[in-house]
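**Q** Can you keep this structure in mind? I'll have questions shortly.
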Amino acid sequence: MHERLVRTLTRSARAVAMAFLMLVFIVPSSAVEAPAAAENPEIEARMMAVATELRCLVCQNQTIADSHAGLAEDLRRQIREMLAKGKSEREILDYMTERYGDFVLYRPPFKPATALLWIGPALLMAVALTALATVLRRRQRMSAEVFDPDTPDEEADDDAPR
Amino acid sequence: MKRFLLPLALFFVLVAFLATGLRLDPREVSSPLVDKPAPAFQATVLARPEFILRRDDLLGKVWLLNVWASWCSACRVEHPVLIDFARRGGVPIYGLNYKDKREDGLGWLRQFGNPYRDSLFDPDGRIGIDYGVYGVPETFVIDSKGVIRYKHIGPVTPDVLRDTIEPLLRKLNA
């Protein structure tokens, strides 16, 4: 009984020590990342909203908001400063497009060069649905014995091995 | 036989798309700045912290703007090409020392040679943002009216210089 109590106590003491060690190691690293969350939370939130709309050109499948690349950090700072100066979201997106092109926008504008991008999926879907409808209608018109596995179908003579 | 032609044709269309896609370089995003006036800047010069260079100081001549940094390994690759170009006495090359420390930049030039007439010092990358820089090194050709005529992303190779940049410079200087 006494022995078990000692064992439990040492185990919990070890756990506390572990937790303490973890705290010691975790706190400084989060302290390094913290200053990005700037003085003004309202500007910060708007900055992140704009940054989510922008592609990071260094790591192209991330947004400026997600990326840790140096350029993304610089652009976040730029957005923050422009918002602080009273620029609108639209003006900031225009500013970025002027420098980096439509490619930075995760939602590019609709224009002749991007038309296929926008209507392409709908177009492909329309083609697929038309094809499906055509095939189904054709099969509907076929007589029942075509689907009978026992009767050789009409085209069998040019496909079958001789 | 005929019913196989359509899927086969579709297959080849797909292959053509994929083959083109494979050969495109997603890192080469065409810059909207080409044929637009070069963004204005006002920066100290790397070697002379007290001297300020502005874009308008460079009007009236054709020049190259080369973005470089001492931390950029690809810059080391293109550096001999620029040194050789400068030695042949083409148009002046101005550097943009991008997000670097002054002493690091100067040390790098001492070590590898200096092809630049001057290098603009841009420690926090603000001029870089104005020029849409995202992959150092980058090189701009700017004409005598201050308009950007060409932008090259990545190291300038002897091929790029011979086949693209030098013909353009001859045309601009003609």
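The values are calculated or read from the model by the stated rules, or taken from the named source; none is laboratory data. All figures in this text were calculated on a predicted structure; none of them were measured in a lab. For neighbour counting, all protein chains shown are included, and Cβ atoms are generated from backbone atoms with ideal geometry for every residue, glycine included. To get the accessible areas, we keep the full protein, side chains included, count just its heavy atoms, and leave off ligands, DNA and RNA. Shrake-Rupley method; radii C 1.70, N 1.55, O 1.52, S 1.80 Å.
**Q** Only residues in segment B:142-170 that are farther than 18 Å from residue B:38 by Cβ count as the first member; pair them with residues that are open to solvent by 60 Å² or more (accessible area, probe 1.4 Å), Cβ under 6 angstrom, at least 6 apart or cross-chain, and list the lot.
**A** If the second residue must be open to solvent by 60 Å² or more (accessible area, probe 1.4 Å), the pairs left are B:155/B:77.
**Q** State all residues of segment A:66-81 that are away from chain B (no Cβ under 11 Å) and open to solvent by less than 20 Å² (accessible area, probe 1.4 Å); if no residue qualifies, say none.
**A** The one that is away from chain B (no Cβ under 11 Å) and open to solvent by less than 20 Å² (accessible area, probe 1.4 Å): A:67.
**Q** Here's a follow-up. Given the structure, is residue B:102 out of contact with any helix residue (DSSP H, G or I) (no Cβ under 7 Å at 6 or more places or on another chain), surrounded by fewer than 18 Cβ atoms within 10 Å (Cβ to Cβ) and under 15 Å from residue B:79 (Cα atoms)?
**A** Answer is no for this residue.
**Q** Six or more apart or on different chains, Cβ under 7 Å: which pairs go from a residue in segment B:48-72 that's open to solvent by less than 70 Å² (accessible area, probe 1.4 Å) to one that's of a type in the set (Phe, Trp, Tyr) and part of a helix (DSSP H, G or I)? Could you list them?
**A** B:70/B:108
**Q** Shifting gears a bit: Filter segment B:73-98 for residues that are closer than 22 Å to residue B:142 by Cα and basic (Lys, Arg); which is most open to solvent (accessible area, probe 1.4 Å)?
**A** Selected residue: B:87.
**Q** Could you tell me whether segment B:94-115 includes any residue that is within 19 Å of residue B:151 (Cα to Cα) and aliphatic (A, V, I, L, M)?
**A** yes
**Q** Something else about it: Take the residues in segment B:134-158 that are of a type in the set (Val, Ile, Thr) and more than 14 Å from chain A (Cβ to nearest Cβ), then tell me which one is farthest from the chain's Cα centre (by Cα).
**A** Of everything passing the filter in segment B:134-158, B:147 is farthest from the chain's Cα centre (by Cα).
**Q** Something else now. Can you confirm whether segment B:96-113 contains a residue that is under 15 Å from residue B:38 (Cβ atoms) and of a type outside the set (A, V, I, L, M, F, W, C)?
**A** Looking for residues that are under 15 Å from residue B:38 (Cβ atoms) and of a type outside the set (A, V, I, L, M, F, W, C), one finds none in segment B:96-113, hence no.
**Q** Residues of segment B:118-133 being under 21 Å from residue A:97 (Cα atoms) and either in contact (Cβ under 8 Å) with a residue 12 or more places away in the chain or away from chain A (no Cβ under 14 Å) (or both), which ones?
**A** The answer is B:124, B:125, B:127, B:128, B:130, B:131, B:132, B:133.
**Q** Wholly within segment A:48-162, which helices (runs of 4 or more DSSP H) include no fewer than the required count, namely at least 1 residues that are modelled with pLDDT of 90 or more?
**A** Qualifying helices (runs of 4 or more DSSP H): A:70-84, A:89-100, A:115-141.
**Q** Report yes if some residue within segment A:108-129 is open to solvent by 90 Å² or more (accessible area, probe 1.4 Å), free of Cβ contacts under 8 Å to residues at least 40 places away in the same chain, closer than 30 Å to residue A:39 by Cα and within 11 Å of another protein chain (Cβ to nearest Cβ); otherwise report no.
**A** no
**Q** What's the number of the only condition in (1) within 14 Å of another protein chain (Cβ to nearest Cβ); (2) closer than 24 Å to residue B:146 by Cα; (3) crowded, with 17+ Cβ neighbours inside 10 Å that residue B:39 fails to meet?
**A** Of everything listed in (1) within 14 Å of another protein chain (Cβ to nearest Cβ); (2) closer than 24 Å to residue B:146 by Cα; (3) crowded, with 17+ Cβ neighbours inside 10 Å, residue B:39 misses just condition (3).
**Q** Now for a separate question. Checking residue B:13 against (1) assigned to a loop (DSSP other than H, G, I, E, B); (2) exposed (fewer than 11 other Cβ atoms within 10 Å of the Cβ): exactly one of these is not met. Which one?
**A** (1)
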